[in-house]
Amino acid sequence: MAACAGLESESPRLRMQRVCRCCDWIRNHYGLLSAEYLSLLDQMGGDITEQDAPVLSPTSLYRHIDDAEFEDKVRFLNETIYQIKKQFDGNMKAVTWDKKNLDDFLNILERQFENLNSCVSPAMKPERRLKRYFKKLNRKVLRKMNYSAQAWELIRKETQRHLQRLEILVGKMY
């Protein structure tokens, strides 16, 4: 998809065209990529851990975004996927996941991010509470648990939870 990020001075007509292209991309492609990376996430290792991460999920943030405008929802999708991608930039020496599935998962996540990023105006600011949540998750799980295999399993579980919530959000957009 051609980059369609708007400028602050974007005319209403151009803005509507950008939003419509994004609507079409999300409607026709988001779910396919989402199903693919959720499947890969599941196939990367054994069963997803039953243990809970020591960080509360940002449930109120998801409730808030349910009532937001379309563009805010797209920005939230984009920012969440970006934050998930950043989680996987850490020290992954301890993981025992299937390397090909992991690489495929990260590549599809990157593709999803790039397409959503082209839908978001550069003037729109990222959601600070979401950024803080992922920073806390990194600090209290990965760093505190010294990037252990157990820590990465908790990250995988939280990632799955967020990606499933995003899928529900997209389903409510149409």
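Quick check: is even one residue across the range 139-150 out of contact with any Leu (no Cβ under 9 Å at 6 or more places or on another chain), farther than 24 Å from D72 by Cβ and either crowded, with 20+ Cβ neighbours inside 10 Å or among the small types (G, A, S) (or both)?
Filtering the range 139-150 for residues out of contact with any Leu (no Cβ under 9 Å at 6 or more places or on another chain) gives 139-140, 143-144, 146-147, 149-150.
From the residues that got through so far, the ones that are farther than 24 Å from D72 by Cβ too are 139-140, 143-144, 146-147, 149-150.
Pick out the ones that are also either crowded, with 20+ Cβ neighbours inside 10 Å or among the small types (G, A, S) (or both) and you get 149.
The answer is yes; a qualifying residue exists.
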For this session: Would you mention how many residues in the range 91-137 are surrounded by 15 or more Cβ atoms within 10 Å (Cβ to Cβ) and among the small types (G, A, S)?
Result: 2
Problem set entry | Pairs where the first residue, in the range 78-89, is touching a residue at least 12 places away in the same chain (Cβ under 8 Å) and β-branched (V, I, T) and the second is surrounded by 16 or more Cβ atoms within 10 Å (Cβ to Cβ) and not in a helix (DSSP H, G or I), C-beta under 6 Å, 6+ apart | none
For this session: Determine if the range 149-161 includes at least one residue that is in a helix (DSSP H, G or I), in contact with a Ser or Thr (Cβ under 9 Å, 6 or more places away or on another chain), in contact (Cβ under 8 Å) with a residue 40 or more places away in the chain and within 14 Å of A35 (Cα to Cα).
Result: yes
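At least 2 residues that are under 17 Å from Q160 (Cα atoms) and among the hydrophobic types (A, V, I, L, M, F, W, C) in each: list the helices (runs of 4 or more DSSP H) lying fully within the range 51-119 that qualify. Please lay out each step first, then the result.
Numbers: elements: 59-66, 70-87, 99-117.
Qualifying helices (runs of 4 or more DSSP H): 70-87, 99-117.
Given the structure, is Y174 at pLDDT 95 or above and not in a helix (DSSP H, G or I)? Show your work before the answer.
Numbers: at pLDDT 95 or above: no; not in a helix (DSSP H, G or I): yes.
It is false that Y174 is at pLDDT 95 or above and not in a helix (DSSP H, G or I).
The values are calculated or read from the model by the stated rules, or taken from the named source; none is laboratory data. This one's a predicted model, so the numbers in the text were calculated from it and none came from an experiment. All Cβ positions, glycine included, derive from the backbone under ideal geometry; neighbour counts span all protein chains shown.
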